[in-house]
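First the structure, in the form of structure tokens, and then the observations on it.
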Amino acid sequence: MANTIQNQLALIKKDTVDVVASKVREFQQKGELMFPPNYSFENAMKAAWLKLQDVTDRNNVPALQCCTKDSIANSLLTMSVYGLTPLKDQGYFIVYGKKLIWQNSYFGNIALWKRVTGADEEPAAVVVYDGDELEYEIVNGEYTITKHKQSLKNIKDDK
């Protein structure tokens, strides 16, 4: 029984993970896909393979058994194209029916935001409550908050 499962996993790895890795390498060599500095898609793929072996659907059926090969391949490709890795908790593999998807986590979205904006620091999140006063201006087509005045009486979790 254990040999059968190991053989199935080896086949899935060969038919899916290795094929995606090969395709990503090909895209990279042709200049069709660029990775951020210090990103190793090979390491990300190895980490993804290890993670995938633990992912299950809501009925505890392993994702590698219940998900289509195409969806597994697409989730790995999505992870690679974003330049993210499960090693840093930058995303999760999630089963939806017979499909596996890559979902960016908060950490993955922050990594992408930093890359796009060139920021060195984490963005600051501030809760805006009903009744708060905001002033903004539009800079380069984007809303920029210039003033946020908050009163203690406005701080209510339901608003």
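The values are calculated or read from the model by the stated rules, or taken from the named source; none is laboratory data. Predicted model only: the values in this text are computed from it and were never measured. Glycine also receives a Cβ, built like all others from the backbone with ideal geometry; neighbour counts cover every protein chain displayed. These area figures cover heavy atoms from the full protein model, side chains too; ligands, DNA and RNA do not enter into them. Shrake-Rupley method; radii C 1.70, N 1.55, O 1.52, S 1.80 Å.
Note on the range 106-133: among residues that are open to solvent by less than 80 Å² (accessible area, probe 1.4 Å) and touching a Lys or Arg at 6+ places or on another chain (Cβ under 9 Å), the one that is modelled with the lowest pLDDT is Pro123. For the range 23-53, the candidate set comprises residues that are open to solvent by 40 Å² or more (accessible area, probe 1.4 Å) and in contact with a strand residue (DSSP E or B) (Cβ under 8 Å, 6 or more places away or on another chain); within that set, the residue that is farthest from Thr85 (Cα to Cα) is Gln53. Can you spot a residue in the range 69-83 that is under 15 Å from Val20 (Cα atoms), open to solvent by 80 Å² or more (accessible area, probe 1.4 Å), part of a helix (DSSP H, G or I) and hydroxyl-bearing (Ser, Thr, Tyr)? Scanning the range 69-83, I find at least one residue that is under 15 Å from Val20 (Cα atoms), open to solvent by 80 Å² or more (accessible area, probe 1.4 Å), part of a helix (DSSP H, G or I) and hydroxyl-bearing (Ser, Thr, Tyr), so the answer is yes. Return yes when Tyr143 is at pLDDT below 95 and either surrounded by fewer than 16 Cβ atoms within 10 Å (Cβ to Cβ) or in contact with a helix residue (DSSP H, G or I) (Cβ under 6 Å, 6 or more places away or on another chain) (or both) and no when it is not. When the stated conditions are applied, Tyr143 passes them. Of all the criteria given as (1) free of Cβ contacts under 8 Å to residues at least 24 places away in the same chain; (2) in contact with a helix residue (DSSP H, G or I) (Cβ under 8 Å, 6 or more places away or on another chain), the one not satisfied by Leu100 is (1).
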